[in-house]
Structure formats: C-alpha cells, structure tokens
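Scroll down for the structure; my scribbles are underneath it.
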Amino acid sequence: MPIVYGALGVTGGLFAYNLNWYKKFRSGVRVGDYLMKSSVDPKDSTGYFALDRTVKLYLREGQGLETLRTIRDDSRKNMVYSGLYFLIAWGLNIIEATADAHLSGFDVSDNLSFGVKPAVDISSRTAGLSFVLKTK
C-alpha cells in the first residue's frame, strides 16, 4: 500500500506543482502581450502587480515575452506528462488490485510443492526440463 500511495501522491503532487507554474506563466504571457500592444507603463497595470515575483523578473529584465512563452509551453508539457504518469500509476494500481482479488482463493499451503526436473522423451529422443507441481 505505501508504494501505491507514494506513486499516486508523487505524481499527483507533480501535476499540481506543474499546473500552478503553468497558470503563473500563462498569466505572465497575457499581461506581457497586453503591455507590449498598449505601450502601458507596468506601474499603471493592475495585472502586472498580480503576477508572481518570478514572472515579473522575466518581464522586467528584458528577457522577453518569447522566454516566457517557452517556459509556459514547457510547464504545460510537464503538466501533461505528470498527469499521464498519474493515470498510468492509477491504472497499474487497478490491475494489481484485480490480480490480487483473483488470486485471493489460491491455495498456498505447505501441502504444495513445485519442482523442475530433467526429462527425456523416448519417442522423439530429446532431453528437456519438466515442471512438476505436486499436491500432498
């Protein structure tokens, strides 16, 4: 159980983290587009003050809107991948639970034995291995 909860928790947390950064950079691109088109001073824009500090640094230092767009696109890609990993982990959890439910009635008592023995087939004159399951 800890492995399942860990896998789902980590992938879900990564999804939330990447979604949060994607939204921040998406807002930064929108505000940056507005500022570029309208030639408004950032100090007069209320949208600028609502941005995250990291996004403001990209806009202030002149690294440009293209850098913000690239980071936004990378954040979106990471968000999609982490969502996909969450779905894969969830699907593996379902498969494992189904297999466990089907094998719950399987006899694993000490009266069972499994062995591998060498075997010879006289009719075809070949040697091989035999898998033997004995019940006592």
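Please give the FRET efficiency for THR126 paired with PHE106, using the beta carbon to beta carbon distance and R0 = 25 Å, rounded to the nearest 0.05. Write down the numbers at each step before the final one.
Working: r = 33 Å, r/R0 = 1.31.
About 0.15, to the nearest 0.05.
Ignoring everything except DSSP H segments at least 4 long, calculate the 222 nm mean residue ellipticity for the chain; use -39,500 (n - 2.57) per segment, divide by total residues, nearest 500. Don't jump to the answer; show the numbers that get you there.
Values: 4 runs with 88 residues, N = 136.
Counting only the DSSP helices, I get -22500 deg cm²/dmol.
For the chain, build the convex hull from the C-alpha positions and give me its volume per residue in Å³.
Dividing the Cα hull volume of the chain by its residues yields 215 Å³.
Apply 1/(1 + (r/R0)^6) to the Cβ-Cβ distance of THR98 and ASP73, taking R0 = 25 Å, and write down the FRET efficiency to the nearest 0.05. All intermediate terms of the calculation are to be shown ahead of the outcome.
Details: r = 38 Å, r/R0 = 1.51.
Using R0 = 25 Å, I get an efficiency of 0.10.
For the chain, which DSSP H helices look membrane-span-like by this rule: Cα extent along the axis of 30 Å or more and mean Kyte-Doolittle of at least -1.0?
Details: long enough: 2-38 (53 Å, 0.11); 64-102 (58 Å, -0.01).
Within the chain the helices that satisfy the rule are 2-38, 64-102.
No value in this document is a laboratory result; all are computed from the given coordinates. All values derive from a computational prediction rather than experimental measurement. Every residue, glycine among them, receives a Cβ derived from its backbone with ideal geometry; neighbour counts consider all protein chains shown.
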